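Worksheet: one structure, shown below.
The values are calculated or read from the model by the stated rules, or taken from the named source; none is laboratory data. The shown structure was predicted, so the numbers you read here are calculated from the model rather than taken from an experiment. For neighbour counting, all protein chains shown are included, and Cβ atoms are generated from backbone atoms with ideal geometry for every residue, glycine included.
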Amino acid sequence: MNRVSTTNKILKMPNVTNYHVLFYGSPDGYQTNRAQIALYNGASTVAFVRFNDPGMVFENDYVDGGIIRMHLPSTMFQNVLDVLRNENPITVYFASGRGFLGTGVEPVGEGE
């Protein structure tokens, strides 16, 4: 496995143009996760944002094969989905050993 767990350099900062959502059933979820949002730039997968319930194993963020794996608590799921549905542009990158997902600069009072 070609994981990158820490770096002082930004790995990549592509725009997120598409996404899809998966929910995992059973008491243990799937691979320690309760849900996942895959992020794409065009047809290329750029990141997986994975969500964990309290008490589930919580992995560190990392990069494998050029794809960012970002881990958040399940309580952040709706917030992330809201940003993906309502904001533009959205970027994702990996720096200082963690994943970052955010918007571009927007004017105050835009009414969203």
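Please go through (1) assigned to a loop (DSSP other than H, G, I, E, B); (2) modelled with pLDDT of 95 or more for residue 58 and return the number of the only condition it doesn't satisfy.
Every listed condition holds for residue 58 apart from (2).
List the number of the failed condition for residue 18; all other conditions in (1) at pLDDT 95 or above; (2) touching an Asp or Glu at 6+ places or on another chain (Cβ under 7 Å) hold.
(2)
Can you tell me which residues in segment 16-41 are part of a loop (DSSP other than H, G, I, E, B) and either in contact with a Cys (Cβ under 7 Å, 6 or more places away or on another chain) or of a type in the set (S, T, N, Q) (or both)?
First, pick out the residues of segment 16-41 that are part of a loop (DSSP other than H, G, I, E, B): 16-17, 24-29, 31-32, 34.
Across segment 16-41, the qualifying residues are 17, 26, 31, 32.
So which residues in segment 35-64 are surrounded by fewer than 20 Cβ atoms within 10 Å (Cβ to Cβ) and of a type in the set (D, E, K, R)?
Matches in segment 35-64: 53, 59, 64.
Out of the residues in segment 26-67 that are free of Cβ contacts under 8 Å to residues at least 40 places away in the same chain and among the aromatic types (Phe, Trp, Tyr), state the one that is farthest from residue 80 (Cα to Cα).
If we take residues in segment 26-67 being free of Cβ contacts under 8 Å to residues at least 40 places away in the same chain and among the aromatic types (Phe, Trp, Tyr), then 30 is farthest from residue 80 (Cα to Cα).
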